[in-house]
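Written out below as structure tokens is the structure these notes cover.
The values are calculated or read from the model by the stated rules, or taken from the named source; none is laboratory data. Note that the coordinates shown come from a computational prediction; the quantities given were computed from them, not determined experimentally. Neighbour counts run over all protein chains shown; Cβ positions are idealised from the backbone, glycine included. In case anyone asks, the SASA skips ligands and DNA or RNA and just uses the protein heavy atoms, side chains included. Shrake-Rupley method; radii C 1.70, N 1.55, O 1.52, S 1.80 Å.
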Amino acid sequence: GGLGALAQAFWDLKERKLLALLASAPAAAMLASCARWGRRLPLQRALAPAAVQRGFGGSAGKLKVAVLQDQQIPKQDAMATLQDKGFDVDWSLTSGSDAWAVCTVTSPVTAEVLDKHPACKVVAVSFTGFNHVDLEACRKRGIAVVNVPAYSTDAVAELSVGLALSVYREIPLGERKLREGGWVCSPGGFEIRDKVVGIVGLGDIGIRTAQLFRAFGPRELLGWSRRQKPAFTDAPIGGKHVELEELFERCDIVSLHVALNAETQGFVGRALLERLRPESVLINVARGGVVDQKAMAELLSQRRFRAGLDVFAVEPIPADDPILKVPADQVVLTPHVAYKSQEALRRRMAITAANLRAFADGAPQNVVLQAS
């Protein structure tokens, strides 16, 4: 009651009176109390909800969020998730807005896009990657950027195992044979049990993938990471760190889980791919750019190894891409769906809304660019 009245009074007084009030004992006590509790008092909520919100496009007491891209769940559910966190929502996929925040998935946020939303203070990326956001343009405008890490860990790890099983057990080949009116399609597939499985990249997804593969009883789990990861070497995974060359030479299954950046572009090149054996399987659920796709397509067509691929250098895949010319029994292809489970998409939306609420409350989380 007293705090709210004092806060509203701040905005009702002229500048001279406001400064005098800030110097008063009640105001000083209020600010000192906030400091003692280690809380930053968000201006827009603690001082003048209605007044400040009018400057950020929302109805009284609410900040507005402009959604720039479909969130891959029903529109009403996405809007409800944001509204439940106290925001007004502007579904402005192409139009401009006076919103306090903009929300995207993979749609680029460029200087031109930001110019359409001049009141924007934070870009909420409903995705882990944020290389489609012009960070320099945000920095110049004092706009923060937040993202959603680790929302699809289980979904991606499960598809890695699923692709391995699809290749090993020839699931697509069997399905095609039945639709063609046939029955017997091959001498038989392979089991994961007693095989050597390699995990390249031991972040959250790589570790989860290793846990899932461990359940199949591989003879050995090998891993590569720039740093030693006790979560991989300790029980229950009990993996072993090795160099990349050894991993590609020894493993029956190699699963890629590295982020795409300047250092990992073309990370898995021809030299590593040529270390795989004809019975080896390469799984890529990371990013297409981490592999030399041209070399991979060529070697797959030569039956130097097999693969399960969910990601590609260019997406959607161009009709003339050599990867589409690889014999169907050499590769299983899926259209970048590793992250795309219903659970993961709803989790992603919930974390996005929580990120925005935390930023509004003065306790930002999952920040990839601080507001200047």
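Okay, here's what the table says:
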item	result
HN-Hα J in Hz across segment 327-336 - Karplus 6.51, -1.76, 1.60, θ = phi - 60°, x for Gly and Pro	x, 4, 7, 9, 8, 10, 10, 10, x, 6
Gain upon complete extension [Gln76, Thr94; 0.36 nm per residue less C-alpha separation]	4.7 nm
Net charge, Gln330 excluded, C-beta distance under 13 Å - Lys, Arg +1, Asp, Glu -1	0
Relative contact order (percent, whole number), segment 180-222, Cα cutoff 8 Å, 6+ residue spacing	49 percent
J(HN,Hα) series, segment 356-363, from Karplus relation 6.51 cos²θ - 1.76 cosθ + 1.60, nearest Hz, glycine and proline x	5, 5, 5, 5, 4, 7, x, 10
Whichever lysines have a C-alpha closer than 27 Å to that of Lys85, once near sequence neighbours (fewer than 8 apart) are set aside	Lys62, Lys64, Lys75, Lys116, Lys121, Lys340
Accessible surface, 1.4 Å probe, highest first, among residues Arg179, Arg270	Arg179, Arg270
Equivalent-ellipsoid semi-axes of segment 224-372, from the Cα gyration tensor, Å, largest first	33, 21, 15
Vicinal HN-Hα couplings computed from phi for segment 95-108 (Karplus, 6.51 cos²θ - 1.76 cosθ + 1.60; Hz; Gly/Pro x)	7, x, 7, 9, 6, 6, 9, 10, 10, 10, 10, 10, 5, x
Simple label model, 7 Å out from Cα along Cβ direction - Glu180 to Val314, nm	3.0 nm
Prolate/oblate/rounded call for segment 136-218, Cα gyration tensor, a/c under 1.5 rounded	oblate
Under-5 Å amide H pairs with Gly308, H placed in peptide plane, nonlocal only	Leu282, Ile283, Asn284, Val332
Heavy atoms of Val67 accessible to a 1.4 Å probe, total area in Å² rounded to 10	0 Å²
Segment 260-367 - percent relative contact order, Cα under 8 Å, separation 6 or more	22 percent
Two-site label geometry, Ile171 and Asp194: point separation in nm, points 7 Å out along Cα→Cβ	2.4 nm
Simple spin-label estimate for Ala262 and Gln228 in nanometres, 7 Å along Cα-Cβ	3.0 nm
Largest to smallest accessible area among Trp224, Trp183 [probe 1.4 Å]	Trp183, Trp224
Arg214-Arg139 FRET efficiency (beta carbon distance; Förster radius 35 Å; 0.05 resolution)	0.25
Exposure of Arg193 as accessible area (Å², to 10), given a probe of 1.4 Å and all protein chains	140 Å²
